[in-house]
């Protein structure tokens, strides 16, 4: 294997789209060139919001052979692996925590490949290790506090050596065990959980709202503007920053095509609620929700139950509905572990955080065991998060 040259790019458009996408191990849409480009070209990624693209490419004889989505971060917003306490501790000690480097997908707490590499076997593994080493090297070259790799797949974990700190958390995912339809899924639940779900769906049915699933490319500009307005208003009502722009929504259907599905609820001709879903060939991802009406059970109907029906209908194996939310457990979503890795440049700071993470890991283990003891499924064979 020839010498690898690391280059950093302040826009994904500086990297050929076909070359980037050829490195993906699967069709995960969030690390596609089109998705990352859309974030950058529609104003979702901007220095004023703490984001600056700094994508890493490894080149062999001028050809791209490995890459990592990478950002210089001026804050910790939009990451979903929370390091605010680390930043506070380092700054109290007189250090500058920001900017830092982030190997992740902006605003997207979804598992996926983060180290993209061509080849197979030892060649691919070596290129991933080279990516991880280049991340460390860039922190040291720029004099930064740290670099963080979030929501990693198991295939990427061996690339991170002992300099990196391991961190784990819990999400709730639904797994398809060959269900014929939604009723077949319900039959696998305990009587109480099955009854509660049917009652929630009945509440929505009685509301008179008309619900439909639409492919993203089929929505017109006015419909996409309404979807964005509902997303934005719902974020702002909760005191959160709606980072995705109207331009992002208007272009999403064309950029990702059949990978985008929107669940719409209408009162007459007016769209009053929506849930945005994005999918790969195996996995459905629940992303954003918005509503201008309060209807009992509507959030669960649009964000969970319609998604489960869609996954069953299309033979998808997993449904990741987003970060956090113990209420998902009662609706068929089981706890699974997520993984992140963190390199902190200062040895003493790294040692202190490593000790803190050991205590955190024990708490997360206890939490995961407690959740597993409250499975909504009637039989033990269904209670595992891994089919």
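The values are calculated or read from the model by the stated rules, or taken from the named source; none is laboratory data. As the structure is a prediction and not an experimental result, all values here were calculated from the model. Here the Cβ is made from the backbone with ideal geometry for all residues, glycine too, and neighbour counts use every protein chain on show.
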Taking the options 74, 112, 95, name whichever one is out of contact with any strand residue (DSSP E or B) (no Cβ under 7 Å at 6 or more places or on another chain), in the same structural domain as residue 10 (by TED's automatic domain parsing), under 21 Å from residue 278 (Cβ atoms) and in contact (Cβ under 8 Å) with a residue 12 or more places away in the chain.
112
With criteria (1) surrounded by fewer than 20 Cβ atoms within 10 Å (Cβ to Cβ); (2) not in a loop (DSSP other than H, G, I, E, B), residue 341 comes up short on (1)
In the range 151-164, how many residues are crowded, with 21+ Cβ neighbours inside 10 Å and not in a loop (DSSP other than H, G, I, E, B)?
3
Verdict on residue 148 being buried (at least 22 other Cβ atoms within 10 Å of the Cβ), assigned to a strand (DSSP E or B) and out of contact with any helix residue (DSSP H, G or I) (no Cβ under 6 Å at 6 or more places or on another chain)
yes
If I go through the range 281-301 residue by residue, how many of them are within 19 Å of residue 253 (Cα to Cα) and buried (at least 19 other Cβ atoms within 10 Å of the Cβ)?
8
Quick check: is even one residue across the range 234-244 surrounded by fewer than 17 Cβ atoms within 10 Å (Cβ to Cβ), at pLDDT 95 or above, within 22 Å of residue 77 (Cα to Cα) and out of contact with any strand residue (DSSP E or B) (no Cβ under 6 Å at 6 or more places or on another chain)?
no
Among (1) surrounded by fewer than 20 Cβ atoms within 10 Å (Cβ to Cβ); (2) within 21 Å of the chain's Cα centre (by Cα); (3) in a loop (DSSP other than H, G, I, E, B), which single condition is residue 114 missing?
(1)
Find the residue count for the range 252-266, including only residues that are farther than 22 Å from residue 304 by Cβ and surrounded by fewer than 18 Cβ atoms within 10 Å (Cβ to Cβ).
2
Please count how many residues of the range 14-42 are over 13 Å from residue 68 (Cα atoms) and surrounded by 15 or more Cβ atoms within 10 Å (Cβ to Cβ).
10
Out of (1) touching a strand residue (DSSP E or B) at 6+ places or on another chain (Cβ under 6 Å); (2) under 26 Å from residue 284 (Cα atoms), the odd one out for residue 135 is which?
(2)
Tell me, yes or no, whether the range 33-40 has at least one residue that is assigned to a loop (DSSP other than H, G, I, E, B), within 25 Å of residue 276 (Cα to Cα), under 22 Å from the mean Cα position of the chain (by Cα) and in the same structural domain as residue 149 (by TED's automatic domain parsing).
no
So residue 89 fits all but one of (1) under 20 Å from the mean Cα position of the chain (by Cα); (2) surrounded by fewer than 21 Cβ atoms within 10 Å (Cβ to Cβ); (3) in a helix (DSSP H, G or I); what number is the exception?
(1)
Which one of these is in the same structural domain as residue 233 (by TED's automatic domain parsing), under 21 Å from residue 188 (Cα atoms) and not in a loop (DSSP other than H, G, I, E, B): 288, 305?
305
Just to verify a result, which residue in the range 365-380, among those that are in a helix (DSSP H, G or I) and under 30 Å from residue 186 (Cβ atoms), is modelled with the lowest pLDDT?
380
